[in-house]
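Any read-out appearing in this document is the output of simple, stated calculations on the displayed coordinates, not a laboratory observation. Owing to the predicted nature of the structure, the values given are computational and were not obtained by experimental measurement. Every residue, glycine among them, receives a Cβ derived from its backbone with ideal geometry; neighbour counts consider all protein chains shown.
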Amino acid sequence: MRDVVIAGVGIHPFGRFDYGYRELGAYAAEDCLRDAGLTADEVDLVLVANVGAEMAKGHNVVNRLRHTGKPIVNVEAACASSGSALALGAALISSGAHRSVLCIGVEKAPRGFIGASGFETWQIETGLGVNPLYFAIQAGELLRDTEATEADLAEVSVKNHRHAVHNPNAMYRKEISREEVLESREVCPPLRLLLLCAPNEGAAAALLMHSDEARRRGITHPVRLTAAALVSRGPDDWFVPAPAFPVDRTSLSERAAQLAYEQAGIGPADVDIVECQDTDAASELLAYRELGLCAPGEEAALLRSGDTALGGRRPVNVSGGLLSKGEPLGASGLGQVHELVTQLRGHAGARQVEGARVGLGHVMGAGHNSCVVVVQR
Amino acid sequence: MTSLEPADLLAWPELFLTAEPGAPTALLAGGCTGCRRTAFPRAARCPACGAATRPTELRGPAVLDTCTAVLSTPPGALVEAPYEVGVARFPAARICVIGLLTERIEPGTMVDVVVHEPYPGGRTFGFRPVGAADRDLAPGPRTTPSAERLL
């Protein structure tokens, strides 16, 4: 991917709030525009990622800012919604169709299980229409097929909560112990409450711009978006909500990562910092393998080495990940991008990854879709 | 590539052969005439390669690969938590299917596909240990065959 830069980022903290999605989205968008030094009417196109709100949701968000007359398009791809918006925006800039695209992700999810994940009626009525069940199956396979243990799953959550202490945008900013995780309520064994992320509320935004336009506007040293790879279900993939899968199934995330590495012209060894889809603790360990950070079977060893913790060789989820930030579905991917850009600018304070120059973000969503992005200084 | 009528896409396929609760049944799958993959539920055209499928029945014994449980009743569910769920692997068809378990079953156990009544009047498919029907009728210790002994 060429000539696409991230000229600004913005975020509304993730958590629970007493105002609506329009306010959340507008806040993140304005935060992003101020960061870039633009006003809303200077943006060619707005893409708004959201899963659960009403019709014309993006329009309702942008109307809080200004009536610009510019096109607004809503994007939905479950947990990969804002990753999809980013990939679409980047393609439109690369193609020359637009010179600036504001991507906004926003969500205000109800408490409890995520509903309407694409399950068939028979799955819902017979109790098979519940997301953690599918994550628990993956977790069970991980424990069966690798050296990973329930203590390792707990350690992922402990690590990410430790990271989140330093992130003012995270929902849970308190350290937790391995014992607290392992004694938390079972949801779908082996997954427990503190091994799962909480759906919540929040918003994030990124302003994509052609590099020529950024130079013209005097935006110096922007972060480059060098890959935004988006894939959907292939012949042998499996994820929520499919009731069956091939014995020799493949991984959407792995395919998205390979595509992203090709687009960026780099390999996993070049990555300094990762924000990945830790919907549950096992999903982070699986992502180590799928993103090429370790060989299959070495997920637990990588975690135990400390390399994926802040201060390690390649920290993962220094923002606290979804386990600590919570997951506002439509905003999670852009939340990762906000963190990566903040890190690459060297502005992350106590959670700063020293010398970070290459960042990778990864999301994975129901309905079978995954997006992997690469940002570089 | 065979032609697919748009109307073929309107009907949701049957999942299993109807029978009384507890009776052995078969999952109604589609076997691809091109790439040889198996799809469940059955589709008129192979989702992987687009070739025509022929009706295929998935019967036990299958291997229970993994299992978990749902401990809180999800929204919309007619079955009440807690209940057990597992992944059954059908080696010949090279497909794994997620379904309710009739009881707690250890991974590696051989299972049959049976008609399951998870709530009064409800009918779905479920996975039950091979031999459990006989076991339930006979006195003595409850044991279920392992995959190693039956495969």
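Loop-located GluC sites (Glu not before Pro) in segment A:57-124 (DSSP state not H, G, I, E or B) with no more than 16 neighbouring Cβ atoms inside 10 Å: A:Glu120. Helical content of chain A, expressed as a calculated mean residue ellipticity at 222 nm, amounts to -10000 deg cm²/dmol (DSSP H runs of 4 or more residues, -39,500 (n - 2.57) each, divided by residue number, nearest 500). Going from the residue with the fewest nearby Cβ atoms within 10 Å to the one with the most, A:Phe14, A:Phe245, A:Phe239 rank A:Phe245, A:Phe239, A:Phe14. Taking other Cβ atoms within 10 Å as a rough exposure proxy, A:Val61, A:Val341 sort from fewest to most as A:Val341, A:Val61. Computed from the alpha carbon positions, the gyration tensor of the protein assembly as shown leads to an equivalent ellipsoid with semi-axes of 42, 25, 21 Å, biggest first.
Taking only the Cα atoms of segment A:1-119, the ratio Rg/Rh comes out at 0.96, with Rh defined as the Kirkwood radius.
Between the Cα long axis of helix A:150-164 and the first principal axis of chain A there is an angle of about 30°, rounded to the nearest 10. Taking amide hydrogens as placed 1.01 Å from N in the peptide plane, the amide H of A:Asp237 sits under 5 Å from those of A:Thr250, each at least 5 positions away in sequence or on another chain.
Note: segment B:15-150, Cα convex hull, 123 Å³ per residue.
Considering only alpha-carbon pairs that sit under 8 angstrom and 6 or more positions apart, the relative contact order computed for segment A:245-377 is 31 percent. Helix A:131-145 axis versus longest C-alpha principal axis of chain A: approximately 60°, rounded to the nearest ten.
Once the Cα atoms are used to define both axes, helix A:21-36 deviates from the longest principal axis of chain A by about 60 degrees.
Loop exposure criterion: trypsin sites (Lys or Arg not before Pro), DSSP state outside H, G, I, E and B, at most 12 other Cβ atoms within 10 Å. Applied to chain B, the longest stretch between such sites is B:1-103. Compared with the alpha-carbon gap, the fully stretched path from A:Arg66 to A:Leu182 is longer by 36.9 nm at 0.36 nm per residue.
Cysteines in the protein assembly as shown lacking any other cysteine Cβ under 4.7 Å from their own Cβ: A:Cys32, A:Cys79, A:Cys103, A:Cys188, A:Cys197, A:Cys276, A:Cys294, A:Cys371, B:Cys67, B:Cys96.
Sorted ascending by nearby beta carbons within 10 Å, beginning with the fewest, A:Met364, A:Met55, B:Met110, A:Met209 become A:Met55, B:Met110, A:Met364, A:Met209. Round to a whole angstrom and tell me the spacing of the C-alpha centers of segment A:16-50 and segment A:320-377. Segment A:16-50 and segment A:320-377 have Cα centres separated by 18 Å.
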